[in-house]
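See below for the structure under consideration.
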Amino acid sequence: MKSPTYALHWFRRDLRVAGNEALHRLREDYDGRVVGVFCFDKKFLARHDFSHNRFQFFLNTLAALKAELKAIGSDLIFMDVSPDEGFQSLFSKLQKAKMPLPQSVGWNRDYEPYARLRDERMQLWFQAQGVHTLNERDHILVEPHEIVKATKPIGPYQIFTPYSRKWREQFKTDDVQRRVAFQAKGLKYLRAYRKGNIPKLFDLNWDEILGKGKDGWDVFEEYSKANAVKVEVVIPEAGSLAALKRLEEFRKDIDDFETARDVPSVDGTSRFSIFLKNGSLTTAQAIAAYDLGTERKQSSGEQKFFSELIWREFGYYILSKHPRVESEAFDHRFQNITWTNNEKWFDAWKKGQTGYPIVDAGMRQLNTTGWMHNRVRMIVASFLTKDLHVNWQHGEKYFMEKLIDGDLALNNMGWQWAASTGCDAQPYFRIFNP
Ligand SMILES: Cc1cc2nc3c(=O)[nH]c(=O)nc-3n(C[C@H](O)[C@H](O)[C@H](O)COP(=O)(O)OP(=O)(O)OC[C@H]3O[C@@H](n4cnc5c(N)ncnc54)[C@H](O)[C@@H]3O)c2cc1C
């Protein structure tokens, strides 16, 4: 190796190079001597709501990421174990090969309860090995701890409107504006990369560290092969370049978003959710690309779209402040509802055979494409919980099994909203007319 010091970037749900906060900092600190690591964590893959559709999109995104990293002078290794075992085995391989350990390991923060515990544990472990750690904000634009409620009652926000007001205040600060500007730079890099103008940003690869053919590509291929046969839908094009393409396509539709988003038969929404889920696109990039939330006069569509992105951040805020919502009702009053949970009705709902056209159309869209329009998600969720009296958690799980954009924070918020068990949810007596 040219220099003994180098760093590892641990990729999780930040599958992009453009504007990747921790990766960028490591690159600067280590003069481009940074390589990527990805662990196929079996615990995560064995989750009760695992989706082959979503995993395939994730795998395709990983493949695009590896190709991009290689093109710009870095690389990505795949390990078939949890990060605990993976880094341990990687470090002992390095020691056996008389290679220095990385000086730093960096990652971008994750807000899901499982991930937070994992990261705390790994941070301690790295430190015990004498390896520095660095973690950055990346997945969301304004982090939960930055939204501080100064008014009574004390405690986190529970209602979207005051949260959103505070978020917008925070958005105007120099610090957050710098974050957006950094994403604009990232998009510039990505456009140039697409044109074939490929910069040499990094200067280290796994061949150099471990020897040829030890980058775990065989592991990746095995996962791809095993998963591909279980995929039920056509997987959309994945990766940062596909996200950029979609970002550019939606520009012509954003001004009509406020009205078009209410009509499920119209293809009037961004379809960004699949990319946002795995970090091949971020809220900040969309804001930077469209110059949203600035002094510039914004169309009603742009304003609405900006507000939807804040809803997204609200979902993460709620999960981060109240991790218990992963397994229980946010509102304790609705924790012990006696649901009917009729299996036959639930099955008919899943298959799109309830006899209610809009419900059935939505469920069939989900089953055949891995995506469903927001308005229809609201209708089918209301129908399952308030007409069929099936526990919202059953619907939540089914969505997670099918959705390519399935995301704990947002899916949970959506279901608890529809079932009226969540924070700032619709009142329990409001039932959508299917
Ligand atoms: C029952 C239910 C379950 C849901 N499950 C998920 C999920 O698992 N993953 C997911 O990403 N979204 C979920 N949503 C929110 C929303 O329906 C989707 O984000 C949206 O339909 C995705 O399509 P789009 O990207 O074209 O959205 P657009 O309408 O173009 O919106 C742009 C972005 O804003 C955010 N956004 C839009 N609406 C919401 C909302 N109501 N809450 C939070 N963020 C929003 C999303 O990140 C979305 O990609 C759920 C909503 C409900 C009612």
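The values are calculated or read from the model by the stated rules, or taken from the named source; none is laboratory data. Because the structure is predicted, anything quoted here is derived from the model rather than measured. All Cβ positions, glycine included, derive from the backbone under ideal geometry; neighbour counts span all protein chains shown. Note: areas computed on protein heavy atoms with side chains; ligands, DNA, RNA excluded. Shrake-Rupley method; radii C 1.70, N 1.55, O 1.52, S 1.80 Å.
Data overview
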{"read-out": "Spin-label model distance (nm) - residue 296 vs residue 95, 7 Å beyond Cα toward Cβ", "value": "5.4"}
{"read-out": "Quotient of Cα Rg and 2.2 N^0.38 Å for region 33-130, N being how many residues it contains", "value": "1.16"}
{"read-out": "Per DSSP, loop trypsin sites (Lys or Arg not before Pro) in region 235-309 with at most 12 further Cβ within 10 Å", "value": "251, 252, 296, 297"}
{"read-out": "Surface per residue (accessible, 1.4 Å probe) for region 18-107, Å²", "value": "37"}
{"read-out": "Among 155-164, 91-100, the order from most to least packed when residues are scored by Cβ within 10 Å on average", "value": "155-164, 91-100"}
{"read-out": "Volume in Å³ per residue [convex hull over Cα atoms, computed for the chain]", "value": "151"}
{"read-out": "Burial ranking of peptide ranges 107-113, 19-25 (average Cβ count within 10 Å, highest at the top)", "value": "19-25, 107-113"}
{"read-out": "Helix 83-96 vs. the chain, principal-axis angle (Cα, 0 to 90°, nearest 10)", "value": "10"}
{"read-out": "Eligible aspartates and glutamates near residue 386 by straight Cα distance, threshold 17 Å, same-chain separation 8 or greater", "value": "331, 343, 347, 360, 396"}
{"read-out": "Fraction of accessible area attributable to carbon and sulfur, the chain (%, probe 1.4 Å)", "value": "53"}
{"read-out": "Probe 1.4 Å, protein heavy atoms only - accessible area per residue of region 326-418 in square angstrom", "value": "42"}
{"read-out": "Karplus-derived 3J(HN,Hα), 6.51/-1.76/1.60, for each residue of region 406-414, Hz, glycine and proline x", "value": "x, 9, 3, 4, 7, 5, 5, 5, x"}
